[in-house]
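As structure tokens, the structure follows; a few thoughts come after it.
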Amino acid sequence: MPYSIRQRLLVFILSLTFISWSMIAVINYFNARSEIEELFDTHLIQSAKVLLSLVDQELYEQDHNADETGENVLFQLKDVEEHLEKHKYEKLLAFQISMNNAGFKFNSAGAPDEPLSDNTTGLSDIVVNGIHWRVYTLLDPANIIVIRVAEPHSLRSDLVSEIALSLLIPLFIGLPIIFILIWKTVDIIFSPLNRIAEDIQRRNSAQLDPVSGFDVPTEIQPLINALNKLFYRLDRVIRNERRFTADAAHELRTPLAGLKTQAQIAKRTQDPQKREHALQNILKSVDRTTHLIEQLLTLARLEPGVNNTNYSDCDLTRIVQETIADALPLAGKKNIILQVNEANSIQIHANAQALSILLRNLLDNAIRYTPENGRVDVHLEDTPTGVSLSIADNGPGITDDDKEYVFKRFSRSNENRESGSGLGLSIVKQIADLHHAVINLSKSSENGLQVDIFFPRARQPVTT
Amino acid sequence: MRLLLIEDDEILGDGIVAGLKEFSYITDWLRDGRQMESAIASTEYDAIILDLGLPGESGLTLLVKLRKMGKNLPVLILTARDTIDDKVKGLDLGADDYMIKPFDLDELAARLRALIRRDHGRTSPLLKHNDLEMNPAEHSVVKGNTTIELSAKEFSLLQLLMENSGKALSKRKIEDNIYAWSEEIESNAIEVHIHNIRKKIGPDIIKTIRDVGYIIK
């Protein structure tokens with residue numbers, strides 16, 4: 001399933017950024033809330049303590065003047081109340097003061113009538129008339145005076161909301177900016193990839209020069225290298241192919257020229273003998289051209305990259321015997337003795353069809369260049385390191401100069417006039433290469449040509 | 001007209017030799033360039049037909065060698081390569097003409113005629129002497145208004161003498177020009193041919209110069 005790294009990267013980075021920002025915001029929100037709770041509670045407690053000491057002192061001072069006590073305290077408390085109103089958060093601070101023994105009771109302006117808590121020191125919550133109060137209850141050491149300082153919860157939650165909002169605003173403004181920046185950055189990071197893709201897309205099948213590795217991230221470098229290696233190999237194959245096609249086409253022109261000339265003679269001449277000779281030449285030429293085309297096709301099938309990986313364990317002796325049987329009629333025409341030394345099976349991991357083509361070409365060559373009543377000997381030997389195959393004839397042999405180029409395509413030996421395609425030994429070489437076999441040309445014991453091919457056992461055949 | 005053919009392909013070589021014989025050309029055939037120098041040194045050829053794709057030394061190498069020897073005879077190249085580069089290279093190295101395989105035998109003969117004609121300093125395709133007119137392309141000879149039938153050898157001999165009008169040609173030179181290496185020559189063959197030609201075109205056109213040879217003037 002194809003997917004876009006860029007898209008995945010963007011989705012991951014953007015969602016991670018969003019999640020982490022949100023988490024930070026949530027944590028901050030809860031932190032802020034508990035801090036605010038603590039702060040406000042402390043404030044409540046302090047207010048209660050201040051009130052208690054105030055009330056306590058007044059009561060103590062006026063201890064003997066019981067009548068006035070209530071009024072004085074009341075007056076003082078009004079003062080406190082006024083003072084409290086100066087601060088916006090404290091405006092809503094309410095308090096209740098009561099005395100267990102004296103029936104004295106004072107409620108501040110915002111406070112409800114009924115007591116906001118029972119008579120135990122500490123923080124508590126209560127809902128009265130739909131208002132949620134936070135209450136601190138403080139008793140004097142003698143358990144006579146009860147101070148209740150209360151504050152509506154809405155005060156704190158307003159503040160918490162404000163803080164939460166101040167946290168969310170940068171989140172909503174900052175996040176899109178960060179998203180855009182990340183988007184652009186990813187685009188910039190991915191631009192070399194786009195450049196390479198465009199470079200490759202623009203190419204036609206003939207453009208196989210390497211892709212520039214300049215300004216390419218190291219992560220992509222192996223891909224570029226692999227691609228360039230492939231281009232190189234492809235280029236070589238195409239060049240080879242093109243040269244081969246051109247060579248083949250040119251190679252066909254000579255027999256065609258021969259055919260045409262002979263046909264023109266046959267048509268033009270009055271001499272029946274000359275006509276017969278020309279017609280014979282035409283037939284010969286057609287056979288030769290057919291052979292050339294067959295060899296060309298064989299070579300084309302053996303090209304690297306073509307599906308020629310059909311390797312199996314096969315019996316070389318049997319392949320040799322079969323090929324010799326096929327070549328016997330040809331050898332018989334020239335009264336050539338054709339024989340093989342080995343009758344025992346020799347196992348070899350190879351492409352059996354290719355091996356028989358190799359043998360056929362070598363035998364054809366040997367028979368072609370061996371004079372009448374000559375001999376061609378095939379020698380097989382199974383050694384621990386590999387299998388050696390040699391074919392020796394008592395023909396004219398080849399010169400050292402010729403050894404250099406007989407394997408090249410369309411080369412013909414300098415010394416002989418025999419009509420070959422010039423491809424036989426190229427085919428032999430190609431097949432030997434596919435099997436990692438080594439070919440050696442030397443003078444046979446009877447001064448003819450000896451071709452030695454050694455198939456090493458250790459290496460596996462090339463699978464192209 | 002005597003030609004040298006250097007071509008390695010058996011059937012094509014055989015065809016060119018046999019085909020050009022129909023046009024009264026005498027062709028010596030070499031399968032590669034190794035004997036080219038000695039062949040040129042011993043025989044005077046009117047033109048060379050040179051295949052480029054030869055075993056051993058290539059046709060182009062032979063061409064360079066030939067021109068270095070100071071031989072100016074016309075060279076017609078036979079090539080399987082048809083790119084402009086190949087043609088230009090051949091012509092630049094001193095070839096006078098080229099033909100791409102496969103070619104037409106008539107065209108080859110025509111081009112050879114033109115090459116040889118130019119080489120002999122003529123522009124007209126016809127050879128003339130008084131009222132005797134020879135057309136090598138049509139292989140015909142006309143005297144006045146009568147067409148004269150000549151055998152291939154007689155035609156070659158008469159053509160040679162007309163080409164070299166005003167020059168005395170020795171018997172040896174004539175033999176060299178109208179017989180290939182492979183052909184056997186009777187010792188009096190040239191005298192017999194001259195006798196037959198005189199019977200057909202009249203006795204006065206070809207003159208005998210004692211101890212030198214024959215001349216038309």
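The values are calculated or read from the model by the stated rules, or taken from the named source; none is laboratory data. Owing to the predicted nature of the structure, the values given are computational and were not obtained by experimental measurement. Note that each Cβ is placed from the backbone with ideal geometry, even for glycine, and that neighbours are counted across all protein chains shown.
Given the condition in a helix (DSSP H, G or I) and within 30 Å of residue A:233 (Cα to Cα), answer yes or no: does some residue in the stretch A:318-339 qualify? Spell out the reasoning first.
Step one: list which residues in the stretch A:318-339 are in a helix (DSSP H, G or I), which gives A:318-333.
Then drop every residue that is not within 30 Å of residue A:233 (Cα to Cα), which leaves none.
Scanning the stretch A:318-339 turns up no residue that is in a helix (DSSP H, G or I) and within 30 Å of residue A:233 (Cα to Cα).
Residue-by-condition table, conditions (1) crowded, with 20+ Cβ neighbours inside 10 Å; (2) in contact with a helix residue (DSSP H, G or I) (Cβ under 6 Å, 6 or more places away or on another chain); (3) part of a helix (DSSP H, G or I):
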| residue | (1), (2), (3) |
| --- | --- |
| B:166 | no, no, no |
| B:173 | no, no, yes |
| B:183 | no, no, no |
| B:186 | no, no, no |
| B:191 | no, no, yes |
| B:197 | yes, yes, yes |
| B:207 | no, no, no |
| B:211 | no, no, no |
| B:215 | no, no, no |
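If the condition is being over 20 Å from residue B:3 (Cα atoms), in contact (Cβ under 8 Å) with a residue 40 or more places away in the chain and of a type in the set (S, T, N, Q), then the stretch B:119-163 contributes only B:130. Among the numbered conditions (1) closer than 26 Å to residue A:361 by Cβ; (2) of a type outside the set (Phe, Trp, Tyr); (3) more than 14 Å from chain B (Cβ to nearest Cβ); (4) in a helix (DSSP H, G or I), the only one that residue A:225 does not meet is (1). Of the residues making up the stretch A:267-281, those that are within 18 Å of residue B:20 (Cβ to Cβ) and either within 9 Å of another protein chain (Cβ to nearest Cβ) or of a type in the set (Asp, Glu) (or both) are A:268, A:269, A:271, A:274, A:277, A:278, A:281. Among the residues of the stretch A:328-363, the ones that are surrounded by fewer than 20 Cβ atoms within 10 Å (Cβ to Cβ) and over 50 Å from the mean Cα position of the chain (by Cα) come to 14 in all. If you go through the stretch B:130-155 and keep only what is within 28 Å of residue B:97 (Cβ to Cβ) and in a strand (DSSP E or B), you end up with B:133, B:134, B:135, B:140, B:141.
Quick one: would you say residue A:251 is closer than 30 Å to residue A:430 by Cα, within 14 Å of another protein chain (Cβ to nearest Cβ) and either acidic (Asp, Glu) or in a loop (DSSP other than H, G, I, E, B) (or both)? Can you show your working first?
Working: closer than 30 Å to residue A:430 by Cα: yes; within 14 Å of another protein chain (Cβ to nearest Cβ): yes; either acidic (Asp, Glu) or in a loop (DSSP other than H, G, I, E, B) (or both): yes.
Here the answer is yes, as residue A:251 does meet what is asked.
Filtered by the rule that a residue be under 23 Å from residue A:146 (Cα atoms) and either in contact with a His (Cβ under 9 Å, 6 or more places away or on another chain) or buried (at least 16 other Cβ atoms within 10 Å of the Cβ) (or both), the stretch A:28-44 gives A:40, A:43, A:44.
Tell me which residues, restricted to the stretch A:180-214, are of a type in the set (Asp, Glu) and not in a loop (DSSP other than H, G, I, E, B). Let's see the steps before the verdict.
Taking the stretch A:180-214 first, the residues of a type in the set (Asp, Glu) are A:187, A:198-199, A:209.
Within the stretch A:180-214, A:187, A:198, A:199 qualify.
For (1) hydrophobic (A, V, I, L, M, F, W, C); (2) under 16 Å from the mean Cα position of the chain (by Cα), each residue gets a yes or a no:
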site	(1), (2)
B:125	no, yes
B:156	no, yes
B:170	no, no
B:195	no, no
B:206	yes, no
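Residues that are in a strand (DSSP E or B), under 26 Å from residue A:294 (Cα atoms), among the aliphatic types (A, V, I, L, M) and out of contact with any Cys (no Cβ under 7 Å at 6 or more places or on another chain) do occur in the stretch A:368-376. Right, residue A:264: surrounded by fewer than 12 Cβ atoms within 10 Å (Cβ to Cβ), free of Cβ contacts under 8 Å to residues at least 60 places away in the same chain and within 12 Å of chain B (Cβ to nearest Cβ) or not? Criteria not met by residue A:264. Here residue B:47 fulfils each of the conditions (1) modelled with pLDDT under 85; (2) more than 21 Å from residue A:404 (Cα to Cα) apart from (1).
Scanning the stretch A:343-376 for residues that are within 16 Å of residue A:323 (Cβ to Cβ) and either outside the structural domain of residue A:327 (by TED's automatic domain parsing) or free of Cβ contacts under 8 Å to residues at least 40 places away in the same chain (or both) turns up A:343, A:345, A:356, A:360.
Of the strands (runs of 3 or more DSSP E) entirely within the stretch B:1-110, those holding at least 1 residues that are within 9 Å of chain A (Cβ to nearest Cβ) occupy B:47-51, B:75-79, B:97-100.
Residues A:156, A:148: which one is among the basic types (Lys, Arg), at pLDDT below 85 and assigned by TED's automatic domain parsing to the domain that holds residue A:45? Talk me through it step by step, then tell me what you get.
Values: A:148 fails: at pLDDT below 85.
Only one candidate qualifies: A:156.
Residues that are surrounded by 12 or more Cβ atoms within 10 Å (Cβ to Cβ) and without any contact (Cβ under 8 Å) to a residue 24 or more places away in the chain within the stretch A:6-24 comprise just one, A:24.
Results for (1) touching a Cys at 6+ places or on another chain (Cβ under 8 Å); (2) hydroxyl-bearing (Ser, Thr, Tyr); (3) at pLDDT 90 or above, shown as yes or no for each residue.
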site	(1), (2), (3)
B:114	no, no, yes
B:165	no, yes, no
B:175	no, no, no
B:178	no, no, no
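Listed here are the residues, each with its yes/no results for (1) modelled with pLDDT of 80 or more; (2) among the aromatic types (Phe, Trp, Tyr); (3) not assigned by TED's automatic domain parsing to the domain that holds residue A:49.
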residue	(1), (2), (3)
A:85	no, no, no
A:89	no, yes, no
A:92	no, no, no
A:100	no, no, no
A:108	no, no, no
A:111	no, no, no
A:124	yes, no, no
A:129	yes, no, no
A:139	yes, no, no
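For (1) touching a residue at least 12 places away in the same chain (Cβ under 8 Å); (2) under 15 Å from residue A:94 (Cβ atoms); (3) not hydrophobic (A, V, I, L, M, F, W, C), each residue gets a yes or a no:
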{"residue": "A:122", "(1), (2), (3)": "yes, no, yes"}
{"residue": "A:127", "(1), (2), (3)": "no, yes, no"}
{"residue": "A:134", "(1), (2), (3)": "yes, yes, yes"}
{"residue": "A:140", "(1), (2), (3)": "yes, no, yes"}
{"residue": "A:144", "(1), (2), (3)": "yes, no, no"}
{"residue": "A:149", "(1), (2), (3)": "yes, yes, no"}
{"residue": "A:153", "(1), (2), (3)": "yes, yes, yes"}
{"residue": "A:159", "(1), (2), (3)": "yes, no, no"}
